[in-house]
Amino acid sequence: IYPNPFNPVTNITYSIDKYSKVKIDIYSIDGKIVSNLVNEYQSHGLYTVNWSPKNVTAGIYFVKMTAGSFSDTKKIMYIK
């Protein structure tokens, strides 16, 4: 994830090793979904998705990615 902290956009780069259902969501610090960036099946490869937040406050957010049985969460900071 770069840049982090970011303003006005951050890039999330990820790779998939086999055809999988991929889901990438952005969560607020209190656990509410702010944005769904990806929710589809994807083939193996390298991908980049951008998040340009709208109507959210500056602060800490979490990016949660799931692909098949893989799951990971990263912390990002949005500054205005």
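Taking the solvent-accessible surface of protein heavy atoms with a 1.4 Å probe, what is the per residue accessible area of the chain in Å²?
64
For the chain, with the dipole built from +1 on Lys and Arg beta-carbon atoms and -1 on Asp and Glu ones, taken about the Cα centre, which of SER52, ASN11, ILE79 lies farthest toward the positive end? Farthest towards the positive end: ILE79. Per-residue packing, averaged as other Cβ atoms within 10 Å, sorts the ranges 27-36, 1-10, 57-66 into the order 57-66, 1-10, 27-36, beginning with the highest. Computed over protein heavy atoms with a 1.4 Å probe, the carbon and sulfur contribution to the accessible area of the chain reaches 52%. Remark: C-alpha extents of the chain on the principal axes read 37, 22, 17 Å, sorted largest to smallest.
With a simple spin-label model that places each label point 7 Å from the Cα along the Cα-to-Cβ direction, the separation between LYS18 and ILE33 comes to 2.6 nm.
The values are calculated or read from the model by the stated rules, or taken from the named source; none is laboratory data. Here the structure is a predicted model, which is why all the values come from computation and not from measurement. With ideal geometry, Cβ positions are generated from the backbone for all residues, glycine too; neighbour counts draw on all protein chains shown. Areas reflect the complete protein model, heavy atoms only, side chains present, ligands, DNA and RNA absent. Shrake-Rupley method; radii C 1.70, N 1.55, O 1.52, S 1.80 Å.
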